[in-house]
Protein chains: 2
Amino acid sequence: MAEKRYRIGEFSKLVGLSTYTLRYYEDQGLIIAQRDGNGVRYYTEDDIRWVGFILHLKGTGLRLNDLKRYVRLRAEGDSTIAERRDMLQKTKDDAEADIAELQMHLKVLSRKIDWYDGKVAHTIADSESFHDYLQQFNDK
Amino acid sequence: MAEKRYRIGEFSKLVGLSTYTLRYYEDQGLIIAQRDGNGVRYYTEDDIRWVGFILHLKGTGLRLNDLKRYVRLRAEGDSTIAERRDMLQKTKDDAEADIAELQMHLKVLSRKIDWYDGKVAHTIADSESFHDYLQQFNDK
DNA sequence: TCTTGACTTAAAGTGCACTCGAAGGTGTTT
DNA sequence: AAACACCTTCGAGTGCACTTTAAGTCAAGA
């Protein structure tokens, strides 16, 4: 029972990347398809998982260049495991810092929304500025 | 006691935007500086607060175009408060969705790091693939 | 046979948000 | 007098990650 083979068009829909992007990624060395006797690309279940994984990496903010480095390291074998691990750890730390910052911005945004609501409901004086309103949260 | 006035160079350092960017934002209608008798821009404490706020908005992922729309609405006065509130709410919802997605990607990333650690410590069989390793978390 | 979908290389285009430089001008400070 | 910080317009450059086009070839299926 041979594994199912997907040609680029089908695979494209499966993973949510355009055929352009798949070929572009192949140029970049990120997703290397196998070829049939006619030189036509085909992808397997393994490739689905691999694309899934690199999309997770991209989703955490990893740039193509770093992704390329990761892939190169992977190709070098087990001797690069520590380096790859550290790379992922740094990516993770960066992403967590991004989230923290985003949440900080969101907090102000939320307060502005509350402030608008207060204005509309007249529970905040017409004259009170958002800046003054914000002050009351400063110690929290 | 007149309020302190900042010229663009000083203000730039204060808010962390280059003078190029400040002029660019002014072209875009986002931060309008006042001018002295010679046509030289100056900024006040109010402008510091305003820039702070728009950086919060940008920080949550609001695009320049939307930011411009927000500023236009603001200039129209209180009649646009509901629309502005809704805009911020949508921005907030979007940002929260982004965070949720980011966290989902991070979870996989974390597991990959754990998997690397397991490989190094030999608590995971050399032969076990990450995909198989991941399966055990599928019901959580 | 014709359409469909694949293949190639190389180059150009897109969108966003800046970022910079040229060229020429004013006003303040050393 | 020179240096410095500011002013203007406007067009070009940057970085990233695609996205599209052009122009031509090839093979399987209806």
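Within segment A:41-68, residues that are among the basic types (Lys, Arg) sit with their Cβ atoms under 7 Å from residues that are assigned to a loop (DSSP other than H, G, I, E, B), at 6+ positions apart or across chains, in these pairs: A:Arg41/A:Arg7; A:Arg41/A:Ala33; A:Lys68/A:Gln28; A:Lys68/A:Gly29; A:Lys68/A:Leu30.
For segment A:63-80, a residue qualifies if it is assigned to a helix (DSSP H, G or I) and either farther than 20 Å from B:Ala121 by Cβ or of a type in the set (Lys, Arg) (or both), and the qualifying residues are A:Leu64, A:Asn65, A:Asp66, A:Leu67, A:Lys68, A:Arg69, A:Tyr70, A:Val71, A:Arg72, A:Arg74, A:Ala75, A:Glu76. Out of B:Leu73, B:Leu109, B:Leu62, B:Leu57, report the one residue that is in contact with a Leu (Cβ under 8 Å, 6 or more places away or on another chain) and over 30 Å from B:Asn138 (Cβ atoms). None of the others qualify; the one that does is B:Leu57. For segment B:1-33, the set of residues classified as in contact (Cβ under 8 Å) with a residue 24 or more places away in the chain and either among the aliphatic types (A, V, I, L, M) or more than 11 Å from DNA strand C (Cβ to nearest atom) (or both) consists of B:Glu3, B:Lys4, B:Arg5, B:Tyr6, B:Ile8, B:Phe11, B:Leu14, B:Val15, B:Leu17, B:Gly29, B:Leu30, B:Ala33, listed by residue number.
Could you grab me the full set of residues in segment B:49-62 that are within 16 Å of DNA strand D (Cβ to nearest atom) and part of a helix (DSSP H, G or I)?
B:Val51, B:Lys58
Can you find a residue that is open to solvent by less than 30 Å² (accessible area, probe 1.4 Å), among the small types (Gly, Ala, Ser) and at pLDDT 95 or above anywhere in segment A:2-10? The answer is no, given that none of the residues of segment A:2-10 is open to solvent by less than 30 Å² (accessible area, probe 1.4 Å), among the small types (Gly, Ala, Ser) and at pLDDT 95 or above.
So which residues in segment A:112-140 are in a helix (DSSP H, G or I), at the interface with chain B (Cβ under 10 Å from one of its Cβ atoms) and not aromatic (Phe, Trp, Tyr), if there are any at all? Even if it seems obvious, please write down each step before you answer.
We begin by selecting, within segment A:112-140, every residue in a helix (DSSP H, G or I); these are A:112-121, A:130-135.
Cutting the leftovers down to at the interface with chain B (Cβ under 10 Å from one of its Cβ atoms) gives us A:112-117, A:119-120, A:130-131, A:134.
Those that are in a helix (DSSP H, G or I), at the interface with chain B (Cβ under 10 Å from one of its Cβ atoms) and not aromatic (Phe, Trp, Tyr): A:Lys112, A:Ile113, A:Asp114, A:Asp117, A:Lys119, A:Val120, A:His131, A:Leu134.
There is no residue in segment A:101-110 that is open to solvent by 30 Å² or more (accessible area, probe 1.4 Å), more than 7 Å from chain B (Cβ to nearest Cβ) and of a type in the set (Asp, Glu). Among the residues of segment B:13-47, those that are crowded, with 16+ Cβ neighbours inside 10 Å, more than 10 Å from DNA strand D (Cβ to nearest atom) and not in a loop (DSSP other than H, G, I, E, B) comprise B:Val15, B:Tyr25, B:Asp47. Considering the conditions (1) within 16 Å of DNA strand C (Cβ to nearest atom); (2) in a helix (DSSP H, G or I); (3) free of Cβ contacts under 8 Å to residues at least 12 places away in the same chain, A:Glu83 is excluded by exactly one of them, (1).
The values are calculated or read from the model by the stated rules, or taken from the named source; none is laboratory data. None of the values given here were measured: they were computed from a predicted structure. Positions of Cβ are backbone-derived with ideal geometry, glycine not excepted, and every protein chain shown enters the neighbour counts. Protein only, heavy atoms only, side chains kept; ligands, DNA and RNA dropped before computing areas. Shrake-Rupley method; radii C 1.70, N 1.55, O 1.52, S 1.80 Å.
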